[in-house]
Structures are given as C-alpha cells and as structure tokens.
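The values are calculated or read from the model by the stated rules, or taken from the named source; none is laboratory data. Since we're looking at a predicted model, the values are computed, not measured. Cβ: placed from backbone, ideal geometry, glycine included. Neighbour counts: every protein chain shown.
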Amino acid sequence: MDRHSLISITWRRFLKNRLAVAGGVVVAALVLVAVLAPFISPYNPNDIDRRHILERPGISHLLGTDDLGRDVLSRMIWGARISLAVGFVAVGIATCIGILFGAFAGYYGGWTDRIITRFIDIMLTIPTFFLILTVIAFIGSSIWNIMIVIGLTSWMGVARLVRAEFLSLKERDFVTAARALGAGSLRIIFRHIMINSMAPVLVSAVLGIAGAVLLESSLSFLGIGVQPPTPTWGNILTLGKDNLEIAWWLSVFPGLAILITVLAYNLLGEGVRDSIDPRLWDSERR
Amino acid sequence: MLQYLLKRLAEMIPTLIGITLISFTIIHLAPGKPTDILTDFNPKITPEARERLEKYYGLDKPLIVQYGLWLKRIVKLDFGESFSTDRRPVLDKIWDRKQPLVDRRLFVTFMINVISMVVILLISIPIGITSATHRNSLYDKVMTTTVFVGFAMPSFWFALLLMLLFGISLGWLPISGLKSMNYSSLSAPGQALDRISHLVLPVFIASFGSLAGNSRYMRSSMLEVIRQDYITVARAKGLPEKVVVYRHALRNALLPLITLVGLSIPGLIGGSVILESIFGIPGMGQLLFMSVMTRDYPMIMCILTIGAVLTLVGNLLADIGYMIVDPRIRTHS
C-alpha cells in the first residue's frame, strides 16, 4: 500500500491512539465471544441446577450461579450475542433512515428540507424512552421488535449529520461536474455525494451502538426487554436487583460487562473520528 | 424580546400537535386493545358485549376522529378517565389535590429533574472550566477518564451498586420510596431531612450520566474560546487570569452547553421511568410504566403529552438562557 495514501495515513493515526486500539480489541473480542458462545461457554446457559442455587463465584462456577442454579458466566457469554445483535441491527436501521432523510433534506432543500427538519425536531422533543417503552410493551418484546423500535427512534442524529454534509457538499465542483455530465439527482445523491459524507456517519454509527446497547440493557432490566429464559446482561441484572442483599455477583458482573462494552465502542468511535478528521492531523504535533 | 417569546410559544403549538399525533397513532395502531385485557380472561363474553365495551371507550371510531375528539378535550385540560378499574380522571392521578404538593406524582418527577439539572450545571461547569485551564495536568486526565467511564456507565447498574454500598453495607441512606415508614411521627425538620435523604441517591444517579457529557462539552468549548484573539487581547492588557477566564471567556464558552442542556431534557424525563422503578419512587415515570402494562390509553397519552410539554418548555428556557448569555442574539431578534 502507498505509504501516503489517505487510508494508510488514517490507519497509522488510528494505531497511534492506544485507547482507540484498546476499544477496537475489546469490540473484536466481544464479536469472537458472541460467535463462539456455544463452544466456549462452560455450561448450558439454561441448565437449571437446584443443588447449586445462588452459589458464590468459585472454581466450578467462575462468576457464581443465579437463583435457579444457572451458571452466570455462561449466561453472560450468550448474553453477549443479544447485546451485539441489538447494537448492530438497531444502529443499521437508524443509520439507513438517517441517511435517507438527511440526504433528501440536504440535497433538495426548500419544502422537503423544512418538513424533514421539522419532523427531526419533533422526534428530538419526544422523550423517546417513553415511546419505546410504550411500543415495546404493546407489540411484545421479541428481539426483532426491540431492534426495530430502537432503530426507529434513534436516527435523528445521523439525519442531521448527513443533512449538514449534503448542504456543503452539493455546492462543490465535483457535483456540478457530475450534473454537467448528465447524472440524475438520485445518482448524484447516492453515487457521488454520499460516498464523500460517509466518514462522520461511520463515527456516529459506532457511537450509536454504544447507545443502543445501553438502551437494550435498560429495557431488559425493566423486564420488558428480551424475555427470560433467553439470557441478556440486562435481565441478569434484574435478578441482581431482586437478590441485591444476598448475591452481589449477579449485579456486579453483567453491569461491568455493559460498562466495558459501551466504553469500548465509545473509545473506538472517538478514535476513528480523530483519525479520519484531517483538521486534527496537524494539531497533534503541537 | 417579548415578541420573540410570543413567536416561540406560538411555534410550540404545531410541534405539540405533531408529537401527540405521532404518539396517538402509535399507541392506537399497536396490535391489541385495552378491551382485550378486560375480555380475554372472561370466556363468557359475547362479541356484542365486546363491541359495547369498545363503544363505551370510544375505540370503535376511526383513528383520526378519535384523535380529534381527544384534542378537543385537551384544550379544556380534560385528559379523560383512566381505563383502570378506579375510573379516576387521569389528571387527578397525576396531580392529586387531596395529597400534599410534594407527594403529587407530577411534582415528584418534576422536582427530581429540576434538582438534577441544577446539580448537573453546578458541578459540570466548574469541572469543565478547571479541566480546560489546567489542560493535560493530572487533574485534567483524572477528570477525562472519570468522564469517559461515567459516560459508559449504565445508570441502573450504578444505582444498584450505590444501593448496595450506601443502603445495605453502610446503611447510611434509604434506598426506596420518598419517605420512611415512620414519616408522620417525625418533627417538621425531621420530615424534611427524611425526604432529603431519600432524594440523595436518585438525584445523584439522575445527574451522573449527563454530568460526564456536559463537563466534557464545557471543557472543549472553553478550550475553543481560550484560543481566540480577544482572549489574547484581554491577557495582553494585563488582566488577571481569573478575570480573563470567568468574565471574558466563560460567557462564550457557556453557549454550546446551553444547547446541550436543552437537548438533554427529553433524556432526563424519559430516564425517570428507570430511576423511579429502581428506587420505588411514586412519580410520573412509575405511573407510565404501570399504565403501559395495562394499556391505559388516556393515562399514557396524558403522560406522553406532559413529558413533551415539559421538554418544550425546557427548550424554551434554554433559548432564553441563550439570549441572556449572548447579547448578539438579543439584538438580532
């Protein structure tokens, strides 16, 4: 690879940021854990063992057992799947909606822009957690419903971002050139401008995963997320709350997992942001 | 200024209509009706009886008509009656005049949010400023790390840990409800103290999440402002650093923070569901949770509307704050 190509510069800048690399490593490890869950989890996450109820962390159960004698470590390993899936799918949905709205608003301007901007403002004013709670309670808390509802209520940031990018990019010469060559609006939007506005969207998507993971776990914690016996970090924490006085390990470990995951996505996102923003390239030498 | 305010107030009306229309549609389009809960467990119910029930609740009309009727009543501040068995007016459940002010649900939620907001501003602004002025010092690094961890901390988990530590292990603070069992037998100062001690953990948890983001924002915005020419001029004039920072830089540095505060209001209000359910606080969030579970449409709509109004008013206050801090905006409008 050319040592001075944009990608290689960006990559080297990213590698220099140790925290961001650490975040990336944690995220990669999580993906690995989720994919390999059936092979690495020491027990079946749903195996009930009445003789070993609420056992402290020890050699046979590294992170202890819950109120039905299920192995907490195994449940957390399987829970990583839920958290990962919800994070990626919900953010995927939100990003697609955000890009579409943002692109149309920014490119066409005028009434299209005014209506979409108004809609974004309205969505930003609704306490979305109220809405998510209501909808999930009504349509049922399957993992798909949760992904979709989180996605449908968290696209506004991306839309604003993309709109701003489009507003500035559509005035550039390469767009005029494309138009002069006879490219249609849709082609200009999706082939020419969108490619150039992807960097900030990528950053906001990585940061958005962190938010979605937090949201999913709080829904699970309230008892309206993915339902037991499917293990999620949030619903292990609910058990932790119910057994707060006798089983601290049910509260401490899943929470720690959520914290580390969210932290990792945030560090990764900020690291990517810093390394793809050319304006920051010089400032580092200062 | 007054003209601007009136314009903003007028603008709130279409927004509010938009919000309520979206909420109304979502609630009513969701599969399953509140009458199902009443009828599903009763095998003897006939289809006719079910229809009568739907008619009674006005659920048989087309959606847009239902919304129109709802809107017409709202203008008179009539949010309807709760679908639950007590059939009480919805507003009465949120704002029970028979109870002392401090026990009314809306007031409880409102108070916790306002106190949290004040705590957030009182702590995050000084942290942000000092982090910026002592950039890259040990203090700044510790603060940056804390902020990053705080940003990622799931609030409900943090609440559990604090309950475990202060409530159970140390026994310093109560972990549930708004007042103790023996509240009525306490003296007046004792009652006040009792209430405050019940609020310490919830307010701390409610503020903690935003604390991280806001102080971070304050720091970067202060760093931005301090680089500008007029600050160099102020320093060159020989002004003491304190005056430069707190009189000249602070005003401009506060601007982005005000926007952020305005934007964080929906999150705070929405978060009250989690907060109130962890700490067993009888507020609006807890009521919403219960109403959602029983599909109490009028109750849900009422709380969603109040949540939206609180957010809009909060945003308006943020804009007014913006005008107070930034004279440029005042002269433009």
Q) In this structure, is B:Gln66 in contact with a Gly (Cβ under 7 Å, 6 or more places away or on another chain), modelled with pLDDT of 75 or more and not small (Gly, Ala, Ser)? A) yes
Q: Please work out if A:Ile93 is in a helix (DSSP H, G or I), hydrophobic (A, V, I, L, M, F, W, C), within 17 Å of the chain's Cα centre (by Cα) and within 14 Å of chain B (Cβ to nearest Cβ).
A: no
Q) B:Gly270 passes all but one of (1) touching a helix residue (DSSP H, G or I) at 6+ places or on another chain (Cβ under 7 Å); (2) touching a residue at least 40 places away in the same chain (Cβ under 8 Å); which number fails? A) (2)
Q. Just one of the numbered conditions (1) surrounded by fewer than 15 Cβ atoms within 10 Å (Cβ to Cβ); (2) touching a residue at least 40 places away in the same chain (Cβ under 8 Å) is not true of A:Ile276; which one?
A. (1)
Q. Restricting the search to the stretch B:132-157, which residues are more than 9 Å from chain A (Cβ to nearest Cβ), assigned to a loop (DSSP other than H, G, I, E, B) and free of Cβ contacts under 8 Å to residues at least 40 places away in the same chain?
A. B:His134, B:Asn136, B:Ser137
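Residues checked against (1) of a type in the set (D, E, K, R); (2) assigned by TED's automatic domain parsing to the domain that holds B:Ala212; (3) closer than 18 Å to B:Val309 by Cα:
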{"position": "B:Leu53", "(1), (2), (3)": "no, no, no"}
{"position": "B:Asp60", "(1), (2), (3)": "yes, no, no"}
{"position": "B:Gln66", "(1), (2), (3)": "no, no, no"}
{"position": "B:Thr85", "(1), (2), (3)": "no, no, no"}
{"position": "B:Pro89", "(1), (2), (3)": "no, no, no"}
{"position": "B:Leu106", "(1), (2), (3)": "no, yes, yes"}
{"position": "B:Ile115", "(1), (2), (3)": "no, yes, no"}
{"position": "B:His134", "(1), (2), (3)": "no, yes, no"}
{"position": "B:Val142", "(1), (2), (3)": "no, yes, no"}
Q) Does the stretch A:101-113 hold any residues that are part of a helix (DSSP H, G or I) and either surrounded by fewer than 17 Cβ atoms within 10 Å (Cβ to Cβ) or in contact with a His (Cβ under 6 Å, 6 or more places away or on another chain) (or both), and which are they? A) A:Tyr108, A:Gly110, A:Trp111, A:Thr112
Q) Considering B:Leu170, B:Leu201, B:Leu160, which residue is surrounded by fewer than 16 Cβ atoms within 10 Å (Cβ to Cβ), hydrophobic (A, V, I, L, M, F, W, C) and within 14 Å of chain A (Cβ to nearest Cβ)? A) B:Leu170
(Q) Take the conditions of a type in the set (A, V, I, L, M, F, W, C) and assigned to a loop (DSSP other than H, G, I, E, B) and apply them to A:Leu15. Does it pass? (A) no
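Identify, please: which residue in the stretch B:111-130 is β-branched (Val, Ile, Thr), within 14 Å of the chain's Cα centre (by Cα) and closer than 25 Å to B:Glu224 by Cα and is, among those, surrounded by the most Cβ atoms within 10 Å (Cβ to Cβ)? Step through it out loud before you land on a result.
Taking the stretch B:111-130 first, the residues β-branched (Val, Ile, Thr) are B:112, B:114-115, B:118-120, B:123, B:125, B:127, B:129-130.
The next check asks that each one be within 14 Å of the chain's Cα centre (by Cα); those that pass are B:112, B:114-115, B:118-120.
With the extra rule that they be closer than 25 Å to B:Glu224 by Cα, the set shrinks to B:118-120.
Details: B:Val118: 12, B:Val119: 17, B:Ile120: 24.
The extreme case among them is B:Ile120.
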Q: Would you check which residues across the stretch A:136-168 are free of Cβ contacts under 8 Å to residues at least 60 places away in the same chain, over 21 Å from A:Gly92 (Cβ atoms) and buried (at least 17 other Cβ atoms within 10 Å of the Cβ) and list them?
A: A:Phe138
Q. Here is a list of conditions, (1) closer than 30 Å to A:Arg81 by Cα; (2) surrounded by fewer than 17 Cβ atoms within 10 Å (Cβ to Cβ), and A:Leu133 meets all of them except one; can you say which number that is?
A. (2)
Q: Can you work out which of the residues in the stretch A:120-130 that are at the interface with chain B (Cβ under 7 Å from one of its Cβ atoms) and crowded, with 20+ Cβ neighbours inside 10 Å is nearest to A:Pro231 (Cα to Cα)?
A: A:Phe129
Q: Kindly provide the set of residues from the stretch B:44-85 that are within 26 Å of B:Gly18 (Cβ to Cβ), of a type in the set (A, V, I, L, M, F, W, C) and assigned to a helix (DSSP H, G or I), ordered by number.
A: B:Leu63, B:Ile64, B:Val65, B:Leu69, B:Trp70, B:Leu71, B:Ile74, B:Val75
Q. Can you tell me which residues in the stretch A:216-254 are over 21 Å from the mean Cα position of the chain (by Cα), assigned to a helix (DSSP H, G or I) and charged (D, E, K, R)?
A. A:Lys241, A:Asp242
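Given the structure, is A:Leu73 touching a strand residue (DSSP E or B) at 6+ places or on another chain (Cβ under 8 Å) and of a type outside the set (S, T, N, Q)?
Working: touching a strand residue (DSSP E or B) at 6+ places or on another chain (Cβ under 8 Å): no; of a type outside the set (S, T, N, Q): yes.
So A:Leu73 fails the test.
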Q: Kindly indicate whether any position in the stretch B:165-173 is part of a loop (DSSP other than H, G, I, E, B), among the small types (Gly, Ala, Ser) and farther than 28 Å from A:Thr238 by Cα.
A: no
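Go through the stretch A:242-273 and give me each residue that's free of Cβ contacts under 8 Å to residues at least 60 places away in the same chain and touching a Ser or Thr at 6+ places or on another chain (Cβ under 7 Å). Talk me through it step by step, then tell me what you get.
Keep residues of the stretch A:242-273 that are free of Cβ contacts under 8 Å to residues at least 60 places away in the same chain, which gives A:244-245, A:248, A:251-252, A:255-256, A:259, A:262.
Answer for the stretch A:242-273, where residues must be free of Cβ contacts under 8 Å to residues at least 60 places away in the same chain and touching a Ser or Thr at 6+ places or on another chain (Cβ under 7 Å): just A:Leu244.
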**Q.** Unique match (being exposed (fewer than 15 other Cβ atoms within 10 Å of the Cβ), in a helix (DSSP H, G or I) and of a type in the set (A, V, I, L, M)) among A:Ala205, A:Ala177
**A.** A:Ala177
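Here are some residues: B:Leu173, B:Leu211. Which one is in contact (Cβ under 8 Å) with a residue 24 or more places away in the chain, closer than 22 Å to B:Gly285 by Cβ and touching a Phe, Trp or Tyr at 6+ places or on another chain (Cβ under 8 Å)?
Values: B:Leu211 fails: touching a Phe, Trp or Tyr at 6+ places or on another chain (Cβ under 8 Å).
Matching residue, one of B:Leu173, B:Leu211: B:Leu173.
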